[in-house]
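What follows is a set of notes on a single structure, which appears directly below.
We did not get these values from a lab; they are worked out from the coordinates using the rules stated. Remember, predicted model here, so these are calculated numbers, not experimental data. All Cβ positions, glycine included, derive from the backbone under ideal geometry; neighbour counts span all protein chains shown.
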Amino acid sequence: MNKEKTKEWFKKNWSTALLTAFLAVILISPDAKTWFMRQVISTGVMNLTLQDQSKESKGKTIGEIADFRVQDEDGRLVSTQDLKGKVVFMNFWASWCPPCRAEFPSIQKFYDRYKDDKDVVFLTVNLDDQPDAGRNYLDKQKYTLPLLVPASAIPAAYYTGSLPTTVVLDKKGAIRLHHTGMADYSKESFYKKIDKMLAE
């Protein structure tokens, strides 16, 4: 195709060329993917509905699910067995995962709202292969969420391999939310569900 024909093609098909270039950037760049996914979240298309999942999980509580332990950056161990009486927000993520990155601003807002509530526990569990990757990402983005890593096998009731995965446990340890994929955790409707669980 000579220059004149190429020019003519672009004049007629500029929107197709632009869309192709846009999609190529999104496919190649993790940051571009993250930006695009955040735009999708902001439209409300990905609104999260916190439903009572206890029936679907057959009312399983922490005691019936294998104990899961995580370790914080100071080496302290936290066990799900010790968290009864608290509402637990558990998010499995990795720094290389665009959907994880896309939902992190909403998780940070949720954390900022409840971080001083002693009855709400945040287990943001990093699954990066490189130990420093998660911390570097949080620092770069100025997130203040706690960084934890698995200190035992992760029960399949919580995580089966898809990132991000989010689980909310009520005070009895029952699974009330199990969500795979990105979501917006900064909605008032979500907070109301959390507040309702806190009041139970």
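Count Lys and Arg as plus one, Asp and Glu as minus one, and take only other residues whose Cβ is under 14 Å from that of L77; the net charge is then -3.
Provide the gained length on full extension for the span V149 to R135, in nm with one decimal, where the gain is 0.36 nm per separating residue minus the Cα-Cα distance.
Values: separation 14, 0.36 × 14 = 5.04 nm, distance 1.09 nm.
Going from the current span to full extension adds 4.0 nm.
Between T180 and D112, full extension at 0.36 nm per residue minus the direct alpha carbon distance yields a gain of 22.2 nm. Measuring from centroid to centroid over Cα atoms, what is the spacing of segment 132-188 and segment 97-122 in Å? Taking the Cα centre of segment 97-122 as reference, the centre of segment 132-188 is 9 Å away.
Taking the average, over residues, of other Cβ atoms within 10 Å as the packing measure, peptides 137-149, 164-176 rank 164-176, 137-149 from highest down.
In the neighborhood of V125, defined by Cβ-to-Cβ distances under 11 Å, what is the net charge if each Lys or Arg adds +1 and each Asp or Glu adds -1? Around V125, the charge tally is -1.
Which residues in segment 155-175 place their backbone N less than 20 Å from a point set 7 Å from the Cα of K196 along the Cα-to-Cβ direction? Under 20 Å, as judged by backbone N against the label point of K196, lie 166-175 of segment 155-175.
Restricting to Cα pairs below 8 Å that are 6+ residues apart, what does the relative contact order work out to for segment 62-199? Please round to a whole percent.
Details: 242 pairs, mean separation 48.0, N = 138.
Reported as a whole number, the value is 35 percent.
Charge tally around G134: other residues with Cβ under 14 Å, Lys/Arg +1 each, Asp/Glu -1 each, net -3.
Of all DSSP-defined beta bridges confined to segment 62-199, some 65% are antiparallel rather than parallel.
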